[in-house]
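For reference, the structure discussed in these notes is given below.
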Amino acid sequence: MTKTSRKLFMLGAATAVLAQAAGADVLTGTVTDATGEAGLQGALVTIEELGRTTSADRFGTYRFANIPAGDYTLSVSYVGADTVTDSVTVSGDTDFSIRLGGDVRYLDNILVVGSSAAQAGAINQQRASDALISVIDSDGLGNFPDTTVADSLARVAGLSIENDQGEGRYVSIRGINTDLISATINGVRTPSPEDRRGVLLDGVPSDLLDGIEVQKSLTPDVDADTIGGVINLKTISAFDRDGQFVRAKVEGSYNEIAEELSPKATLTYSNVFGDKLGIAASVNFQSLAIEAHNNEVGEWEFDDDLGAYYPNDDYEMRWYDLTRERLGLVFNVDYRATENTELYLRTLFNQYKDDEVRNKFEFRDLAEEGVSVDGNNYNFNFAEVDAEVRQREEERKIQTYALGGQTIAGAWTVDYEVSYAYAEEDDSNNHDVAFRSDDMDGDAIIVWDNSTPEKPRLTGAGVDFVYDPSTYEMDAFEQEFTVNEDTEWAYKLDLENESSIGSTPVTWKMGVKVRDREKVRDQNLLIWERDDVLMSDYITDNSRISNWRMNNPMFQWPSAGLTNALRGTFTDDELDEDGTNFDSLSEDYTIEEMILAGYGMGTFQFDNLTVVAGVRVEATDVTATGNIFFEGDDPENVEIRKYEDDYTHVLPSVNLKYNFSENLIGRAAYYASIVRPAFGEMRPTIALNDDRDEAELGNPALDPYEADNFDLSIEYYPTKLSVLSAGVFYKEISNPIFGANYDIDDVPGSVDLSLLPDTVEEVFTYVNGENATVKGIELNYVQQLDFIGDFWEGFLVSANVTIAESEASVPDEEDPLLTRDVPMLKQNDLIWNASIGYDRGPWDLRISANFRDDYLDELFGANIDRYTSDHLSVEASAKYDVNDNLQVFVEGKNLTDEPEYYYFGSENRLSQYDEYGARYVIGARLTY
């Protein structure tokens, strides 16, 4: 923490201490259900005579300061319940609580019984917000077969997910790349265990959460490093419920490819002691069996003589057999120290471990001896294969800890917090061994039938030749010991004051925040070579892999169990020193990033219009160090490249909310934001190959994304539990970042090439494009159907669609003086979700579908850029309440057995194809 940061933080703390209470009266209370136990978050509380409105927080608590003493009419509005009106006399500090709605109770970490009431909670929170948000109420996390947070978010309007190993991993808002959005846990920025900004969300179990909020328009009190929006994961609090709460949940899931039953269990406990101390804890464990079948191609090339594209590199088949273990822990403490001061501790620990065996069968250098094209057939004159096995234990951890509180002094509210977040990716327990076949050449010895591009079929004499394991000898044995670490300390102080300008109520808010982040990548490999090691000695079973889904045979050889015994048997003279040194030194870096932010804002209530306006200033200071290393060089000659930069952004924003009537709300928003380059893009490393003609370098001089974001929407609430909304959005983005290969003479001038030797001919690096735009429309509909008639009572339908268009101008790979227009990376143009449910009596049934369109995944060149194909996921669940405490359920995931497909420019040019199969779940939940 810098001296300047410490001074600003201490100054802010002193300001909070010296803040004096105003002399006007205060009205507080809670809004609950009919039992008085369940707080109704998002309920709108209005003092009719003053025209002042506020919303209840997660505990159902509301507060008005600066209220003149007197008699008032108080009305409470909550979608799904009748409006309640009552009279209250305010004198001094007055407490007035209101009950409304039906008799609801807690179950499964939620406020309600059934998905209908959970949907009401989400609608009310969205309606009450002064910014554009989408909400998943905590019960919503149980209404679908969701293992992870990413899967839960797939059902939010405008959100889609990027899958890995059959599970949702990264989340996109309005189709925008996950690296351009941010994620927080209880408001604490979530670090990334990878070398990117985007946070993987498949490791966080949804059972640990109380709810999820997606903020699509920013206010000045929110960190501004996002373009798509902010995802905030909220964990449980003891004060969410009244008294002791215990829940146990067990389930087993079955995958049709893995053919194994996978266990999962969650235990949650919370209690309130003496109305002051609340303790909540939850532990979740899952052991998930996953089997994936894959084939992929390295690259395609256009041949002028052939007049066609052809696969010019390699073709791989991969079989993954892994067990994914998740361990999640939440421990939260809330302490109401006095009537005016609340303190809290929020902790989350999540460990995600993949114990994986991967076998790979790779046809190498297919175009080595020439190729011809005959319709859908590619005829290759060369055959050589690597048979490879990798045994890996990859462990990822995400931890967040926050200690803070809130103190109220009259019209002043002071919030303070110190937080620590840590993420780690540990690849230090694995080995990878490749055996290489003899080679064979001749006319059309491998015939590639591309009639089914996702699953090409290979035939010919060369195929039969390479399926003989006796021709294989070990090529290399690798061990990896790589660790990525991401650490952030944050300190923040917020001051809020309720006052008025004339008859206009105003809430002033200001604050400071310091974020001190460090990203470290330490890659280490050992590469061993030993002559005359035959693959035939490392095969336990020569039969084909059962239920294999690709069109060419696949074997489980070599054996991971046998090759594991080679660890520790190699001698120093068997070490490939050049390869080991290069892979261990060429990608190491450390990036330190200090962000000092301050903001000021005001919330103004003009009758039916609410205006939130202000400005945020973020000053960034970056210090980056990385290695410069040339393959084949002496490690003693490794050089350190250091880069320092600082920049400041002034980021205004305004959010408008207008109540045309009680059921019709209009919104408009503008905010400026930035996204700093990903760590892997800005790393100051330079790596040069053995021939000194190809270089790969990060670009620490990249400018951050800068965006102006505009939103306009309308929301209509026609009946008790329904919403119909429509919106448009537009984003003007400067400095979009792309990675690409360039000939040395075509590298854009913004890339520093001064440290490269004259022998370099080709460079891979990252560059800023000129500009980009994203625009689109967003439609959302939720409706309970009981208004049609008695038969439809309990039915609930929902549907949403987002249609977007993006365009970015990037330097052309062939001529840097020219540009070409491409979509934004990973930008979905079409997203839709639809579901129908039935929630009545003991039954809660639901079926849903989620669709995302094709999107650009990576740049390779015009007509051969890599795309991810469209994806449709269908899921269903059925829950039955045996009694007040016991619920049993069955769920189905990926019911249509939808694969993942990636292609180069055209869908008939395979890049990658994966199948994971459907998954079925059965379980029970016991609650007291």
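Coordinate-derived values only; no laboratory data. Predicted model only: the values in this text are computed from it and were never measured. Because the Cβ atoms are built from the backbone with ideal geometry, glycine has one as well, and the counts that use them run over all protein chains shown.
Starting from the amide H of T61, placed 1.01 Å from N in the peptide plane, find each other amide H under 5 Å away whose residue is 5 or more places distant or on another chain.
Result for T61 returns V31.
Which FRET efficiency value, to the nearest 0.05, is calculated for Y880 and S809 with the Förster distance at 51 angstrom and r the Cβ-Cβ distance?
Efficiency computed from Cβ-Cβ geometry: 0.35.
Once the piece of chain linking S91 and D646 is laid out straight, how much longer is it, given 0.36 nm per residue of separation minus the C-alpha distance between them?
So the chain would gain 194.5 nm between S91 and D646.
Enter the mean projected area of the convex hull around the alpha-carbon atoms of the chain, in nm², rounded to one decimal.
Result: a mean projected hull area of 38.8 nm².
Sorted from fewest to most neighbouring beta carbons within 10 Å, what does the list M317, M682 look like?
With the sparsest Cβ surroundings first, the list reads M317, M682.
Using a 7 Å offset from Cα along Cα-Cβ at D691, what residues in region 554-587 end up with backbone N under 19 Å from the label point?
578-579, 582-583
Compute the orientation-averaged projected area for region 505-596 from the convex hull of its Cα atoms and round it to one decimal in nm².
Computed as one quarter of the Cα hull surface, the answer is 14.7 nm².
Can you check what the net charge comes to around E793, using other residues whose Cβ is under 15 Å from the Cβ of E793 (Lys, Arg +1; Asp, Glu -1)?
Value of the local net charge: -2.
Taking the Cβ of R58 as the center, what net charge do the other residues with Cβ under 12 Å away carry, scoring Lys and Arg +1 and Asp and Glu -1?
-4
Strictly over 23 Å apart at the Cα level, which of K216/K657; K264/K353; K216/K264; K720/K775; K234/K492; K216/K731 would you flag in this model?
Beyond 23 Å: K216/K264; K720/K775.
Within a 10 angstrom radius of the beta carbon, how do M824, M440 rank from fewest other beta carbons to most?
M440, M824
Roughly how many whole Å is it from the C-alpha centroid of region 297-330 to that of region 740-772?
Cα centroid of region 297-330 versus Cα centroid of region 740-772: 26 Å apart.
Quick one: which residues, 5 or more positions from F555 or on another chain, have an amide H under 5 Å from its amide H? H modelled 1.01 Å from N in the peptide plane, none for Pro or chain starts.
Residues meeting the criterion, in which the H sits 1.01 Å from N, are I545.
Which translational diffusion coefficient, to the nearest whole µm²/s, is obtained for region 256-319 from the Stokes-Einstein equation, given a Kirkwood hydrodynamic radius over C-alpha pairs, 25 °C and 0.890 mPa s?
Translational D for this selection: 139 µm²/s.
I'd like the FRET efficiency for T487 and E256, computed as 1/(1 + (r/R0)^6) with the beta carbon distance as r and R0 of 30 Å, rounded to 0.05.
Working from the Cβ atoms, E equals 0.15.
Which pairs, out of K509/K826; K513/K893; K397/K893, put more than 30 Å between their alpha-carbon atoms?
As for pairs spanning more than 30 Å Cα to Cα, those are K509/K826; K513/K893.
Counting GluC sites (Glu not before Pro) as exposed when in a DSSP loop with at most 11 other beta carbons within 10 Å, what is the longest stretch of the chain free of them?
Value returned for the longest uninterrupted segment is 1-338.
Sum up the charges of everything whose Cβ sits under 13 Å from the Cβ of T73, counting Lys and Arg as +1 and Asp and Glu as -1, but leave T73 out.
Around T73, the charge tally is -3.
Give the distance, in whole Å, between the Cα centre of region 826-901 and the Cα centre of region 548-589.
37 Å
Put a dot 7 Å past each Cα toward the Cβ at I714 and D573; how far apart are the dots in nm?
So the two model labels end up 8.3 nm from each other.
To the nearest 0.05, how large is the calculated FRET efficiency for E592 and E639 if R₀ is 22 Å and r is the Cβ-Cβ distance?
Step by step, r from the Cβ atoms, then E = 0.70.
If you take the square roots of the eigenvalues of the alpha-carbon gyration tensor of region 785-911 and sort them as a ≥ b ≥ c, do you get rounded (a/c under 1.5), prolate (a/b over b/c) or oblate?
Prolate is the answer for region 785-911, as a/c is 1.5 or above and a/b outweighs b/c.
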